[in-house]
Amino acid sequence: MYETTIGGHPTVMYTTVETAKEIRKALKAAFPKVKFSVRSDSYAGGSSIRVSYDKPGMPRDVVERVTDQFEGASFDGMVDLKSYKYGHYDGRRVSWGADYVFVSNDADW
């Protein structure tokens, strides 16, 4: 993690691994009794984080309310466009290292 200025705005830059650590902390605070697996993956052109858990009856969208804030990009398939986005975390403007965060409930399989 390091601080820089982008477009005149102070911004904290996180790596993908650091983003995964922040996701783990946020999930533990929101769901203290649920065990999560948080794995990062880097590839040509970006990176992503996969979050999985094994809790029957716990909807994925409940977890996504926590994890969505950590995505560093969005994708518009209609025009084949990946756009980067900034978020706010701990009162600071941030750029997350992972483009996307995918969530799955292993109990659903």
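The values are calculated or read from the model by the stated rules, or taken from the named source; none is laboratory data. These figures come from a predicted structure and were not determined experimentally. Using ideal geometry, Cβ is built from the backbone for each residue, glycine included, and neighbour counts are taken over all protein chains shown. Ligands, DNA and RNA are stripped out before the accessible areas are found, and what is left, the full protein with its side chains, is counted by its heavy atoms. Shrake-Rupley method; radii C 1.70, N 1.55, O 1.52, S 1.80 Å.
Miscellaneous remarks
- In loop segments of the stretch 26-109 as defined by DSSP, the trypsin sites (Lys or Arg not before Pro) with at most 12 further C-beta atoms inside 10 Å of their C-beta are K33, K35, K85.
- Estimated dipole of the stretch 46-104 in Debye, rounded to 20 [Cβ of Lys and Arg +1, of Asp and Glu -1, Cα centre]: 160
- Fluctuation leader among G72, G57, G97 - the chain, Gaussian network, Cα springs under 10 angstrom: G57
- Choice from A44, A30, A98 showing the highest fluctuation, given a GNM over the chain with Cα pairs closer than 10 Å: A44
- F102 long-range amide H proximity, modeled H, under 5 Å: I49, R50, V51
- Surface share of carbon and sulfur [accessible, 1.4 angstrom probe, percent] for the stretch 22-109: 51
- Averaged over its residues, the stretch 1-94 has an accessible area of 66 Å² per residue, based on protein heavy atoms and a 1.4 Å probe.
- Cross-link pairs K21/K85; K25/K82; K25/K55 - those with Cα-Cα distance over 22 Å: K25/K82
- The stretch 32-48 and the stretch 69-109: distance between their alpha carbon centers, rounded to Å: 12
- For T16, the shell of other residues with beta-carbons less than 12 Å away shows a net charge of -2, using +1 for Lys and Arg and -1 for Asp and Glu.
- Listed residues V94, V51, V34, most fluctuating in the chain (Gaussian network, C-alpha, under 10 Å): V34
- Relative to the Cα centre, the charge distribution of the chain, modelled as +1 at Lys and Arg Cβ and -1 at Asp and Glu Cβ, gives a dipole magnitude of about 440 debye.
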